[in-house]
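K.L.:
Structure provided below as structure tokens; questions to follow.
The values are calculated or read from the model by the stated rules, or taken from the named source; none is laboratory data. The model shown is predicted, which means the values in this text are computed figures rather than measured ones. Neighbour counts run over all protein chains shown; Cβ positions are idealised from the backbone, glycine included. Side chains included, ligands, DNA and RNA excluded: accessible areas come from the protein's heavy atoms. Shrake-Rupley method; radii C 1.70, N 1.55, O 1.52, S 1.80 Å.
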Amino acid sequence: MKIVIDGSDLAEAVGVVSRASGAKQINPVLEGIKLTAKEGKVVASATDLDIYLKKTVKADIKQSGEVIVPRVFVDYVRKLEKSQVSITAEGDTIVVKHGDNVFNFQGFAKEEYPDIVSLKADPHFSIKADALKDIISKTTICASTDDSRPVLRGILFEIDGAELTAVALDGFRLARVTKVISNHKDKTSIIVPAKSLVEISKLLADENGEVNLVVENKFLQVSIGNTVFASRLIEGEFINYGQIIPKSFSSDIVVETSAFAHAVERAGLLVRSDRINLITLKIVDKKIQINSTNEIGKINELVAASLTGKDLTISFNAKYLFDALRNIDDSFIKLSLTGEHSPATITASKDGDYLFLILPVRMS
């Protein structure tokens, strides 16, 4: 293989796909990145066998071929100045030249590298990039980090007609978001690893149009510009979340989102190092009083609110409450409650496409 490529393009390509080449793999070759050169393009690809990333950039191909470069190559090209880079490979020996500088190193054997998964281009459904970003930001915060229940480390995607409903829960909180989709096919239910959706969100940062998603052979694939990302899906049965969400409440509180979020954040400062991160909400008539206490001191915050129903005192983990509030764009939200030991939900004060459920902390 012999190519000449812009250093910035090369650095961007290997930088993107390196997120799929985890360090300290059982198989060292998975720490490497495959570079495939043909037909005026270089394809950089990497995998840890659960996620796959592939990015295509233009290059002057003197001789087609492919090599598997080690992690140090990624670190090296990221530090190159904007200049033309020449890469020549004979067998597993690779030479990188830029200006008068030369980097010689040994690559991995091509035969040892696994095939990069390749799915059909025909989408299972399409969704606006902003809608997908909103799903990811609202649900991944509620995914479990416990290895004992693998399905809860993922986000349930339920595709039914022109709607996609995404659900995450970790035993203490739940998030549900529903968005409109297009080009949908059959009714489908899949579980996507939360960590994969976080990676997709990074790729979507500058996207504003529609995104096509392919579901095939236990994989989810998304193509964004010249980058293709694929993730292995989680197998198993997701929890019947519909049984968890209360059907009725005794108290509804409408409050300004920003004011409430800032008050919760400030109250949480005092207890953020505590195990349960406890804050208490006392809801009376037209206000919410938010308290936190420990050996250092006490914080008392007051927020104006509109209450329909019974007065109530209830305690929450401040982090769980703030995580939900900081991912809401609506000016006002509705906090719905039944009692101090029952789950609370957060929804838009009017029509909305999301619901957060948070279990209270039981006080002795």
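K.L.:
Considering only protein heavy atoms, what per residue accessible area in square angstrom results for region 216-364 with a 1.4 angstrom probe? All intermediate terms of the calculation are to be shown ahead of the outcome.
P.N.:
Numbers: 7820 Å² over 149 residues.
For region 216-364, the solvent-accessible area averages 53 Å² per residue.
K.L.:
What is the percent carbon and sulfur in the accessible area of the chain, measuring with a 1.4 Å probe over the protein chains and ignoring ligands?
P.N.:
In the chain, the share of accessible area belonging to carbon and sulfur is 47 percent.
K.L.:
Considering amide H positions built from the backbone, and no H for Pro or chain starts, which residues 5 or more places from Glu210, or on another chain, come under 5 Å of its amide H?
P.N.:
Ala129
K.L.:
Residues of region 100-183: accessible area per residue at 1.4 Å, in Å²? Could the numbers behind the result be given before it?
P.N.:
On the way: 3920 Å² over 84 residues.
Per residue, region 100-183 has 47 Å² of solvent-accessible surface.
K.L.:
Which of the pairs Lys2/Lys195; Lys38/Lys218; Lys202/Lys350; Lys282/Lys319; Lys247/Lys310 have their Cα atoms more than 25 Å apart in this structure?
P.N.:
On the way: Lys2/Lys195 36 Å; Lys38/Lys218 29 Å; Lys202/Lys350 30 Å; Lys282/Lys319 18 Å; Lys247/Lys310 17 Å.
Too far apart for the 25 Å limit: Lys2/Lys195; Lys38/Lys218; Lys202/Lys350.
K.L.:
Give the angle, between 0 and 90 degrees and rounded to the nearest 10, that separates the Cα long axis of helix 129-139 from the longest principal axis of the Cα atoms of the chain.
P.N.:
In the chain, helix 129-139 runs at an angle near 60 degrees to the longest axis.
K.L.:
Among DSSP bridges having both ends in region 290-364, what percentage is antiparallel? Round to the nearest 5.
P.N.:
Approximately 100 percent, going by the DSSP bridge assignments.
K.L.:
Cα-Cα pairs above 22 Å in region 137-225: how many percent? Don't skip to the end; give the middle numbers.
P.N.:
Working: 1011 of 3916 pairs.
Here the tail beyond 22 Å accounts for 26 percent of pairs.
K.L.:
Provide the per-residue ³J(HN,Hα) series for region 151-162, in order, calculated from phi with Karplus coefficients 6.51, -1.76, 1.60 and θ = phi - 60°, each as a whole number of Hz, with x at glycine and proline positions.
P.N.:
Residue by residue, region 151-162 yields 5, 7, 7, x, 10, 6, 10, 10, 9, 9, x, 9 Hz.
K.L.:
Separate question: Test of understanding: express the Cα radius of gyration of region 1-138 as a ratio to 2.2 N^0.38 Å, with N the residue count.
P.N.:
Compactness ratio reported: 1.12.
K.L.:
In the neighborhood of Gln289, defined by Cβ-to-Cβ distances under 14 Å, what is the net charge if each Lys or Arg adds +1 and each Asp or Glu adds -1?
P.N.:
My count for the surroundings of Gln289 gives +2.
K.L.:
So, one more: Under a GNM of the chain (C-alpha, springs under 10 Å), which listed residue has the highest mean-square fluctuation: Ser118, Ser144, Ser248?
P.N.:
Per the Cα network of the chain with a 10 Å cutoff, Ser248 tops the list.
K.L.:
Taking the Cα centroid of region 94-112 and of region 302-364, what is the distance between the two, rounded to the nearest whole Å?
P.N.:
If we compute the Cα centre of each part, the gap is 56 Å.
K.L.:
If you don't mind, there's one more thing I want to ask. Quote the convex hull volume per residue of region 179-291, based on C-alpha atoms, as a whole number of Å³.
P.N.:
Convex hull of Cα atoms, per residue: 217 Å³.
K.L.:
Please report the equivalent ellipsoid semi-axes of region 244-364, computed as sqrt(5 x eigenvalue) of the Cα gyration tensor, largest first, in whole Å. Working shown, then result.
P.N.:
Details: eigenvalues 89, 47, 40 Å².
Whole-Å semi-axes of the equivalent ellipsoid: 21, 15, 14.
K.L.:
Here's something else I'd like to know. Relative to the longest principal axis of the chain, what angle (0 to 90°, nearest 10) does the C-alpha long axis of helix 257-269 take?
P.N.:
90 degrees
K.L.:
Ratio of alpha-carbon Rg to the 2.2 N^0.38 Å globular estimate for region 277-320, to two decimals, please.
P.N.:
1.20
K.L.:
When the chain is treated as a GNM, springs tying every alpha-carbon pair under 10 Å, which of Ala318, Ala175, Ala194 comes out with the largest mean-square fluctuation?
P.N.:
Of Ala318, Ala175, Ala194, the most mobile in the Gaussian network model is Ala318.
K.L.:
Name the residue, out of Val214, Val177, Val95, whose mean-square fluctuation peaks in a Gaussian network model built on the chain with Cα pairs under 10 Å.
P.N.:
Val95
K.L.:
Taking every alpha carbon pair in the chain, what does the distance histogram look like in 20 angstrom bins from 0, in percent?
P.N.:
With 20 Å bins starting at 0, P(r) equals 26, 44, 25, 5.
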